[in-house]
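Each remark here refers to the structure printed beneath this line.
The values are calculated or read from the model by the stated rules, or taken from the named source; none is laboratory data. These figures come from a predicted structure and were not determined experimentally. Methodologically, a virtual Cβ is constructed for each residue, glycine included, from the backbone with ideal geometry; neighbour enumeration extends over all protein chains shown.
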Amino acid sequence: MLEISPSAGKGEETGIMIESEDDPSSILFRKDLVEEMPKSIEKSLKSIGLKEKIRAAVFSDITSKNTYGKTWLIIAGEQLLVYNPEVSSDPSIRISLCDINEVEIRKYVGNNALIVKTQKGELELVRFTNTLRPKFEGLKKRLEMFFSLSWKSPEKEFYIKKGPIEAQRRCPKCGRVIPPWMSTCPVCMSKRKVISRLLGYIKPHLPLAVFGFALTICFTFLNLLPPYLMKILIDDAIGNANLTLLVWLTIGLAVIYLLRALTAAGRSYLLGKLGQKIMVDLRRRLYEHLQVLSLSFYDKNETGRIMSRVMSDTERVQFFLTWGIQQFFMDIMILIFVAIILFTMSWQLAIIVLMPTPVLVVGTKLFSKKIHGIYHKAWRRWADLSAILADTVPGVTVVKAFSQERKEINKFNRKTHELYEVNVKISFLEGIFFPLVGFVMTLGAVSVWWFGGRQILSGTLTLGVLTAFISYTWRFYEPVGRLSNMSSVLLRAATSAERIFEVLDTRPEVHDSPNAISLPQLKGHIKFHNVSFAYESGETVLRNINLEIKPGQKIGLVGPSGAGKTTLAKLILRFYDPTEGKITIDGYDLREVKQESLRKQIGIVLQEPFLFKGSIAENIAYGNPSAPPEKIIEAAKAANIHDFILSLPEAYDTDVGERGHRLSGGEKQRVSIARALLRDPKILILDEATSSVDTATESLIQEALERLMENRTSIIIAHRLSTLRNADKIVVIDHGEIVEEGSHEELIRLGGLYSRLCRMQAALAVIANE
C-alpha cells in the first residue's frame, strides 16, 4: 500500500474536520458525491480506524490492472483513499488531503487518469473511461476549490454559489444537487403534490370518470346488502319457519347478485376505457416533449431509461389513476358504511373489530417509509437493464463480429441479478408485511366469534346477527387490507410519476426566445463571432472561433479527430448554443430566430445516415412529406440512386427495415443525399459523407454531392483531403482553434498541419496500393 503521512499541524488549518456553517467541506463535499460503497470497503474503513464522516465516495470503471471493473476513491475526514476491491480489501493508496498541492485529469486514448501532485511527485489515483469524466471533473473542481481558494475570498463565494461550470441549485432539505432541468428536488418532492398533479390528467375525461365512480358507488351499496338480508333470512325466515319470507329473500339475493355482476362489468369497461385514454394522453405528451428537448438531454440520458418512462411508467400511473383511485374511494366508503352498520348491530363487538386498525395504520406508515427508496432502486435497475437491451439488440452485428456474446450475456446477467436482488428484497418486505396484516385482521375476526358466541349462549345475541356481523367484519377488514397495500401502489405510482414529470419538467437548453422571428429566405452568409463552446463535462471544445462563410461558398473543415469540426456544424444547426460569442446567418443572431425556420433551410448528410423503418420513398420525402412522386424521383436521380431503386422488386415502395439495415452503406448514403436534395436547402452540411464507402460508390456519391452543392453555401467535413481540392476555402481546426485558413494550394505551400495531413494520406495511399 502506498501511504503518504499527513503533515503535522496542517489538518487543523484546513478545517475539513469541523462541521459548521463555515466549514468548506460541508459545502464542497455533498451527498451527490457519495455513492453506495461495497460492504468490504466499509469494513476496511472501520478496521483502519477511520471513523470520520465520508465526504466523497466515487467509483471509476477501470481497475489498477487496467481492466474494466470498479476502483473506489474515498475521502473520509482529511484522508483520501483508493480501493481496488478486486485486488485487495485494503486501500492501495492512502494520502492526506493536506499533502496534495494540485489535482489534474490527464487524457489518454480511450481513458483518463486522476492525478495528484505532492512534494514527493505525481501520483496517479484512478483511471476511468470518458463516460465518467463529468463526475471526476466535478470532484476535481471541488478539490481545487478547497485547496486553492481561501474560505472568505470572493472567488470562493462565487464558486460555491455558481459551481465551477454552471449554477448548482441545492435542495435545502437533503443537500443534493437539483438537476438544472427541474424546479424541485426529485428526492424530496412532495408525493401529495405529485398525486395532485396526476389527478389533472383525469379532467379531460371527467364525464367518463364520474360515470365510472357512480357505478362504483352502486357496486359498493349492492355489496353491502347481502349480509343484512342473510341476517333476516336466518332469524326471521328460517328461525320462524316462514316459507314466504324465505322465497322472497332468496329471490332478492339473486337479483342483488345479478345487479352487482352487471354493475361490475360496466364499471370494469368504463374504467378500462378511461385508463387507456389517460395512458394515450401521457404517452403523447411525453413523446411530444421529447421531440422538443435539446440534444444535451439525450447526451445525458440512456435510451433504455427514456423508453422505460414512456412505456412502463405511464402504464403504472394509468393503473393507479383508474383502478387505484376508484378502489381507494370505494374502500373508504365501505369502511364508513360498514362501521355504521357494525355499531348499529352491536357496539361492543364493533369496538373489538376496530381494535386492530391503529396497529395496521402505524405498520403501513412504517412499511411505506422503508420500501419507498427500494422502489426507486428497483426502477433504476430496470432502466439499466432496458439500456443494455437498447444497446445490444441494434448492435448485435458488432457483438457477433467480435465474438462478444458471452461478455454481453454476462453483463446482462449481472444487471438481471442486481434487479433480482432488489426485487427479492421488495418481495421479502411485502411477504412479511402483508401476511402480518392478514394475521392481525384474523385475530379480530376470531375475537368476534369468541365474544359473539358467548352472547348467543347467554341469549343476548341471535345467530343471524352474529352471522351478518362476521360477514360485515370481513367486509371491513378487506378494504383495510387493500388500503395497507394501497401505500405500495401509491408509492410505485408516485415513483413512476416523478420519473415522468422529470422529463415533462425538463426545459430545453436550446429554446426559442419569446421574441424569436421566423427567418426569411436565406442567402447563406454565415459568421462566427468569437465563438467558444464547452459541453457540460467542462472541457472546452471550441475556442475563440472567428469565421466568415460567404453565400454560395464551399468551405472544407479539416483537423484531427476530436478537434471540434462536427461540434462547429452542430452550432450552425443550433443543436447547442455557444458558451461565448454568437453566430449569425445573413446578419440574424441564431439565438433570436425560430429553430424550425432555421433548420428548414439547412440540409445535412451524415457519415452514418439514419433511415427510418418504412419505404424508400418515405425516407426520401422525410424532410418534405408533401412532395409529389415526380419530385422524389427527380431527387433520387440527382443522388444516383434511381436506377438501383428500380432494380428492386417493389421499387420506391421497398421497405428499408429498421435503421435501413436492408440497404448497404453506400445505398443508405445516396438515399440520405436524395432526402437533402428534396428539401432544397440554402445551407448544406456534409459530415464525412464519403468516408465509409468503397471507391466505386464514393465516385457515385461524390458526383451526387457536386449536384447537391450547386448554388448552396456548403460546409464539408472530411478526412479524405482529396475531396476538398475544389473547395473555395479550407479551414484547419486543431484542439478547438482555427490554426490555418486558405485554399488547398495555399495551405500546401504554408507547410503546416494541413500539409502534414496531406503527406500522411499520400503515404498511406502508396502503402495501400503496394
Count of residues meeting criterion [crowded, with 20+ Cβ neighbours inside 10 Å, polar (S, T, N, Q) and over 17 Å from W379 (Cβ atoms)] in segment 468-505
2
Can you tell me which of L757, L724 is at pLDDT below 80 and in contact with a Gly (Cβ under 6 Å, 6 or more places away or on another chain)?
L724
If you check M230 against the conditions, is it within 22 Å of R380 (Cα to Cα), assigned to a helix (DSSP H, G or I) and out of contact with any Phe, Trp or Tyr (no Cβ under 8 Å at 6 or more places or on another chain)?
no
Based on this model, can you work out whether G452 counts as out of contact with any Cys (no Cβ under 8 Å at 6 or more places or on another chain), free of Cβ contacts under 8 Å to residues at least 60 places away in the same chain, in a helix (DSSP H, G or I) and among the small types (G, A, S)?
no
Could you tell me whether segment 191-202 includes any residue that is among the β-branched types (V, I, T), within 20 Å of V489 (Cα to Cα) and not in a helix (DSSP H, G or I)?
yes
Looking only at segment 204-224, which residues are surrounded by fewer than 16 Cβ atoms within 10 Å (Cβ to Cβ), within 18 Å of L262 (Cβ to Cβ) and among the aliphatic types (A, V, I, L, M)?
A214, I217
Would you point out which residue out of I572, I549, I602, I616 is among the β-branched types (V, I, T), crowded, with 18+ Cβ neighbours inside 10 Å and farther than 30 Å from V656 by Cβ?
I549
Got a sec? Which of L519, L461, L466, L547 is assigned to a helix (DSSP H, G or I) and more than 30 Å from L366 (Cα to Cα)?
L466
Write out, first by first residue and then by second, each pair whose Cβ atoms fall under 9 Å of each other, whose residues are 6+ apart or on separate chains, and whose first residue, in segment 404-420, is free of Cβ contacts under 8 Å to residues at least 24 places away in the same chain while the second is of a type outside the set (K, R) and surrounded by 15 or more Cβ atoms within 10 Å (Cβ to Cβ).
E405/V399; K407/V399; E408/I388; E408/D391; E408/T392; E408/V399; K411/I388; K411/T392
What are the residue pairs meeting all of these: first residue in segment 201-217, first residue in the same structural domain as T314 (by the TED database), second residue polar (S, T, N, Q), Cβ atoms under 6 Å, and 6 or more apart or on different chains?
L215/T263; T216/Q326
Would you tally the residues in segment 256-291 being exposed (fewer than 13 other Cβ atoms within 10 Å of the Cβ) and aliphatic (A, V, I, L, M)?
4
Within segment 698-714, is even one residue surrounded by 14 or more Cβ atoms within 10 Å (Cβ to Cβ), modelled with pLDDT of 80 or more and either closer than 19 Å to T566 by Cβ or hydrophobic (A, V, I, L, M, F, W, C) (or both)?
yes
Checking S664 against (1) more than 36 Å from the chain's Cα centre (by Cα); (2) at pLDDT 75 or above, the condition it does not meet
(1)
Take the residues in segment 93-104 that are in a strand (DSSP E or B) and surrounded by 17 or more Cβ atoms within 10 Å (Cβ to Cβ), then tell me which one is nearest to the chain's Cα centre (by Cα).
V103
Can you tell which of T654, T690 is outside the structural domain of A534 (by the TED database), of a type in the set (S, T, N, Q), at negative phi and modelled with pLDDT of 80 or more?
T654
Consider G272 carefully, then state whether it is within 15 Å of L321 (Cα to Cα) and not charged (D, E, K, R).
yes
Over segment 601-630, the set of residues under 10 Å from R679 (Cβ atoms) and part of a strand (DSSP E or B) is I602, G603, I604
Examine segment 361-384 for a residue that is within 24 Å of T67 (Cα to Cα), modelled with pLDDT under 80 and assigned to a helix (DSSP H, G or I), and state whether such a residue exists.
yes
